[in-house]
1. If you take the beta carbon distance between B:Leu390 and B:Glu346 as r and set R0 to 25 Å, what does 1/(1 + (r/R0)^6) give as a FRET efficiency, to the nearest 0.05?
2. Using a ≥ b ≥ c from the Cα gyration tensor of region B:262-355 (square roots of the eigenvalues), is it rounded, prolate or oblate, where a/c under 1.5 gives rounded and otherwise the larger of a/b and b/c decides, a/b for prolate?
3. Per residue, how big is the convex hull around the C-alpha atoms of region B:157-224? Give it to me in cubic angstrom, could you?
4. Could you give the accessible area per residue of the protein assembly as shown, probe 1.4 Å, as a whole number in Å²?
5. Can you pull the accessible area of B:Asp39 for me, 1.4 Å probe, Å² to the nearest 10?
6. I need the P(r) histogram for the protein assembly as shown: all alpha carbon pairs, bin width 10 Å from 0 out to the longest distance, whole percents.
7. List the residues of region B:70-107 whose backbone N lies under 12 Å from a point placed 7 Å from the Cα of B:Arg122 along the Cα-to-Cβ direction.
8. Work out the FRET efficiency for B:Ser77 and B:Gln363 from their Cβ-Cβ distance, taking R0 = 51 Å, and round it to the nearest 0.05.
Amino acid sequence: MEIETILEKYTGSQRDNLIPILEEIQEERGFISEEAIVKVSRFLKLPASKIYGVATFYDFFHFERQPAYHIRVCNGINCHLAGSDNILRKLEEELKVKAGQLTRDGIFKYELTGCLGACNSAPVIKINDEFYSGITADDISQIIEECKMKIKEA
Amino acid sequence: MFFDIEVNNKIIKARQGETILQALSRNGIKVPTLCYMEDFTPTGACRMCVVEVEGMNDLAPACSHPVEEWMKIKTHSPMVVKARKTNLELLLANHPDDCLYCVRNGNCELQKLAAELDVKERRFVGKRNKYKTDPSSPSIVHEPEKCILCGRCVRICEEVIGVSTLEFVRRGDSTSVSTANEKPLNLSNCITCGQCIMVCPASAFYEKTHLPELQESLHNPKLHTVLHYSPAISVTLAEEFGLKAGKDISGLLNAALRKIGFNRVFDTSFAADLNIMELADEFIKRLEADQNLPMFSSCCSSWVKFIEQYSPEMLHHLSACKSPQQMMGAIVKSYYAESENLKPEEIYSVSVMPCTAKKFEAQREEMTHKCITDVDAVLTTRELAKLIRLYGIDFHHNEPELPDMPMGTRSSAGKLYGASGGLTEALIRTLHYRITSKEITQFKITEARQVKGRKEFKFKIGQYELGFAIISGLVNVKDLLKDIKEGKTNLHFVEVMACPGGCINGGGQPIPADPTAVKARAKTLYEIDEKDSIKASHKNPMVLDLYQMFLKEPGSDKCKTLLHTKYTPRDVLL
Ligand code: SF4
Ligand code: FES
């Protein structure tokens with residue numbers, strides 16, 4: 001849905017609708033673009049800096065296209081000792097991008113994160129909302145293949 | 001209503017409804033503050049101002065806590081002092097240690113606080129966020145690494161200037177002050193007024209300096225250096241050298257500038273007179289044709305950028321006259337160059353302004369013709385003080401000198417440009433003469449001299465009953481523009497200055513902006529006007545000469561090419 005169409009639904013609304021508007025834009029478009037910030041600011045007659053300030057305050061808004069699979073590699077103490085480094089290295093080898101970057105096809109992004117709270121099954125990674133525990137670097141290729149398959153099927 | 005409270009075992013008088021801080025400072029007790037700004041609602045963000053109040057569990061922020069009758073306060077107990085010191089040390093934990101190399105070295109609130117609270121070592125080592133310095137603006141450099149997140153720039157940008165360029169983005173330890181979509185300042189809606197510089201306690205904002213280039217030009221034998229200083233400078237600079245605020249030191253300034261090596265020293269007030277001649281002519285033409293009224297002043301470059309961005313549909317109201325800085329620049333590179341037998345490119349033309357927006361204005365493309373810029377370098381009052389110190393000039397052992405002719409002659413009307421309302425007063429004097437062929441008898445217009453963000457009054461000149469509005473503190477222009485659009489006003493002329501109080505309180509002035517000093521500067525301008533024998537721009541003999549020998553009459557073709565310009569809409573993130 002176009003940003004304009006979303007905004008139309010909120011015609012006549014005030015600044016207290018800012019969060020719902022941004023949420024809906026993100027849901028529809030996947031992320032909050034620069035263009036979205038400008039359009040929302042014109043729509044609510046608020047300075048663009050204010051919209052951007054509010055949006056960046058909340059963790060759940062993204063400002064760039066999001067990957068279909070966001071891989072978080074736990075770097076809590078247990079996972080670190082259990083070899084999260086190796087997993088990271090393997091990911092870099094497989095996906096051919098650095099941590100934090102989007103792959104060329106826009107499907108994957110991986111990064112190191114603080115403790116995910118699953119210490120007794122270290123090392124763990126989390127892909128979107130799903131945990132993978134006790135994995136080794138060797139499991140990575142297969143996990144990635146599975147993700148790609150799912151995309152193809154969908 | 002007053003009541004007694006106990007502070008540090010003594011009884012003092014507090015007023016109902018005021019904050020602890022207000023009660024303390026009225027009684028001469030100083031408590032350090034950082035995020036607090038006079039006349040703004042307190043945010044209580046920095047906790048520098050905490051005091052101990054008997055019976056309260058936590059220390060109370062004096063800047064935002066109301067004073068109450070039962071209070072027994074300790075402002076400097078060991079607990080309070082320790083808390084303040086720890087707060088400050090935490091702020092310093094992610095502030096760079098490079099004071100020696102900082103523009104604000106010696107005039108920094110953080111530095112002063114650290115000395116006051118006797119901070120001797122770095123007790124906390126914080127994780128430092130890496131931020132890039134943003135040098136993109138022609139006027140202002142932003143160095144987020146220095147920021148301690150007090151919020152003062154964000155507030156002045158929103159509440160006084162009304163553009164909200166700056167805002168806090170992200171949160172927690174990734175919070176920073178930035179613009180919409182974190183764009184560099186030159187792509188933002190920043191109008192370059194520099195008020196963020198004036199309030200920042202930590203040097204995260206400062207002017208883009210033109211000093212190195214200027215010094216080189218001063219020592220280039222092929223260049224003829226010409227300097228002119230704005231009406232507000234000579235009544236401000238004294239403060240930078242420990243003299244009384246508001247003292248007019250134009251004579252000493254002329255002497256100092258000659259010692260530094262400028263070939264000619266002119267007074268921008270001359271160009272203010274010239275500006276009035278053109279403005280009056282343009283105004284009368286519009287009045288007679290009943291077109292494009294009210295006419296908007298165009299001297300303040302921040303205001304010009306504002307209207308280009310926010311109300312391009314109203315640009316036809318804006319006067320076509322260049323600002324005094326640019327008029328002077330244009331005359332220096334044409335008339336003056338000719339009369340001195342110099343090529344324009346052999347002249348290095350410098351202006352000193354109480355303003356950072358003038359740096360932006362000087363580099364606008366409208367201000368360059370055939371690769372010749374009207375003005376080559378713009379210094380703020382602060383940079384001028386630096387230059388004078390750099391050249392080892394001792395102000396106190398100089399004899400006053402006069403500026404150079406012909407552009408050193410001014411009327412006191414030109415001088416009035418320094419304060420909000422001054423332009424309007426000057427304009428009325430010349431309009432009166434142009435419309436009625438008689439000189440005005442009552443020079444002073446009290447309504448124009450009020451200290452207010454929006455002033456409006458009627459003034460009768462000949463058969464015309466004219467409506468004037470004067471804005472200072474740009475946020476106030478928003479409602480006025482709305483009123484004009486909705487046809488709620490009956491105005492003929494609108495003067496707008498972005499900074500509150502006008503140029504005497506500009507973004508290039510000494511830091512911090514001291515309200516008492518600003519008042520003293522205005523007072524001196526009015527005294528000069530009181531005493532001066534030439535009180536109207538059209539009486540400035542050198543301006544009249546310039547017309548006779550070079551420009552012909554106001555609004556002539558030559559004036560149009562040299563002294564007028566055209567402004568166009570500007571597309572930025574608002
Ligand atoms: S830039 Fe300066 S004024 Fe603005 S929040 Fe940071 S320290 Fe405060
Ligand atoms: S000055 Fe009081 S909390 Fe900052």
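1. The pair B:Leu390/B:Glu346 has a calculated efficiency of 0.50.
2. Prolate is the answer for region B:262-355, as a/c is 1.5 or above and a/b outweighs b/c.
3. Per residue, the Cα convex hull of region B:157-224 comes to 143 Å³.
4. Per residue, the protein assembly as shown has an accessible area of 45 Å².
5. Its accessible surface works out to 150 Å², give or take rounding.
6. 3, 13, 19, 21, 18, 13, 8, 4, 1, 0
7. Under 12 Å, as judged by backbone N against the label point of B:Arg122, lie B:92-99 of region B:70-107.
8. So the FRET efficiency works out to roughly 0.40.
The values are calculated or read from the model by the stated rules, or taken from the named source; none is laboratory data. Remember, it's a predicted structure, so these values are computed and weren't measured experimentally. Quick reminder, even Gly has a Cβ in these numbers, built from the backbone with ideal geometry, and neighbours come from all protein chains shown. Surface areas here come from the heavy atoms of the whole protein model, side chains and all, with no ligands, DNA or RNA. Shrake-Rupley method; radii C 1.70, N 1.55, O 1.52, S 1.80 Å.
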